[in-house]
Amino acid sequence: MRVTRGNMRIRTARPSDLQAIINIYNQAIEAGQQTADLTPVSVEDRKSWFESHPPEKYPIFVAEEDGLVVGYCTISPYRPGRMALRHTAEISYFVHSDHHRRGIASQLLEFAVQACYSLDIRTLFAIVLDSNTASVRLLEQHGYERWGHLPDVAVFGETEVGHYYYGLKIKAPYMAGTPGVEDSGPRRPGGDPGGGP
C-alpha cells in the first residue's frame, strides 16, 4: 500500500527501513518527553517489534522523500489476544527532527485512517505525554478526542508528566469533507514531533 503526495511517498515499511525508523525514534528519546523510553534502542532491540506488525493487519507506514525515510507511523494491536478488542488499535507517529512542521505527521495520520477500512479497524487511539503539546494539538486538529488522562505516571529526572489517551472512531464511509481524507466508500466486512507513549 502506498500513495505519492508531491515529493513525498507514503508506503508500507520494509525490513530495510528499520535502521532509519530507529534513528528517528532515538531522536525522540534524546529530545525528551516525546516518548516514555529513556535510553536509545538498537535495530536488534526492535526486530521483534517490527515483526509483530504484519502489514496485512498492523502495518508500519513510512514517509519517504528523495529516497530517505523522514517519518513513520505504526498501527499496533490493543490488548492482543482479547478478541473483543480486535477492531481497536493504537497509532503512534514520529518525524525526523530535520523535517518537523512540514505536515508529514498530518499526512501519515490521514493515510493511516484511510488504511483502517481494509484493516477492519473501527477505533484508533493515541497515547501521548501531556507535556507534548504539539502532538496534542495535532491530534485534536485531526478529530481525535481526549478520552482519558493518567496523571504523573511518567518520570523524567525530577519531572513527572501524565499520559493522555486520544481516540478516534473510524466512520464508514468516512465523513466527506474531513481535511485531507477522501471518502473511501463503505467498510469492507471481515477481518510533527513524535507522538506515542
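Each reported figure results from applying straightforward, stated rules to the coordinates on display, with no laboratory input. Given the structure is predicted, the values throughout are model-derived calculations rather than measurements. Note that each Cβ is placed from the backbone with ideal geometry, even for glycine, and that neighbours are counted across all protein chains shown.
Rounded to whole Hz and in sequence order, give me ³J(HN,Hα) for segment 121-127 from the Karplus expression 6.51 cos²θ - 1.76 cosθ + 1.60, θ = phi - 60°, writing x for Gly and Pro.
With the stated coefficients, segment 121-127 comes to 9, 10, 9, 10, 9, 10, 10 Hz.
Once phi is turned into ³J(HN,Hα) by the Karplus curve 6.51 cos²θ - 1.76 cosθ + 1.60 with θ = phi - 60°, what whole-Hz value does each residue of segment 102-113 show in order, with x for glycine and proline?
After applying 6.51 cos²θ - 1.76 cosθ + 1.60, I find 10, x, 5, 4, 4, 5, 5, 4, 5, 4, 5, 4 Hz.
Largest first and in whole Å, what are the equivalent-ellipsoid semi-axes of segment 2-169 based on the Cα gyration tensor, each being the root of 5 times an eigenvalue?
Sorted largest first and rounded, they come to 22, 20, 17 Å.
Kindly write out, for segment 156-163 in residue order, the coupling ³J(HN,Hα) from the Karplus curve 6.51 cos²θ - 1.76 cosθ + 1.60 (θ = phi - 60°), rounded to whole Hz, with x marking Gly and Pro.
My calculation for segment 156-163 gives 10, x, 9, 9, 10, 10, x, 10 Hz in order.
Taking amide H positions as placed in the peptide plane 1.01 Å from N, state which residues far from residue 156 in sequence (5 or more) or on other chains have amide H under 5 Å from it.
Here the answer is 161, since their amide H atoms fall under 5 Å of that of residue 156.
Just how large is the dipole of segment 2-169 about the Cα centre, in debye to the nearest 20, putting +1 at every Lys and Arg Cβ and -1 at every Asp and Glu Cβ?
Numbers: 17 positive and 20 negative charges, 154 e Å.
Computed charge dipole of segment 2-169: roughly 740 debye.
What's the ranking of 91-99, 75-83 by average number of surrounding C-beta atoms within 10 Å, highest first? Mind showing how you got there, number by number?
Numbers: 91-99: 20.7, 75-83: 12.9.
Peptide ranking by packing, descending: 91-99, 75-83.
Note down the Stokes-Einstein diffusion coefficient of segment 44-126 in µm²/s, whole number, using a Kirkwood radius over alpha carbon pairs, 37 °C, and 0.692 mPa s.
After rounding, the answer is 243 µm²/s.
Please compute the contact order of segment 2-169 in relative form: average sequence separation of alpha-carbon pairs under 8 Å and at least six residues apart, divided by the residue count, as a percent.
18
Of all the C-alpha pairs in segment 18-82, what % are more than 13 Å from each other? Intermediate results must be reported in sequence, preceding the final value.
Values: 1413 of 2080 pairs.
Everything past 13 Å amounts to 68 percent.
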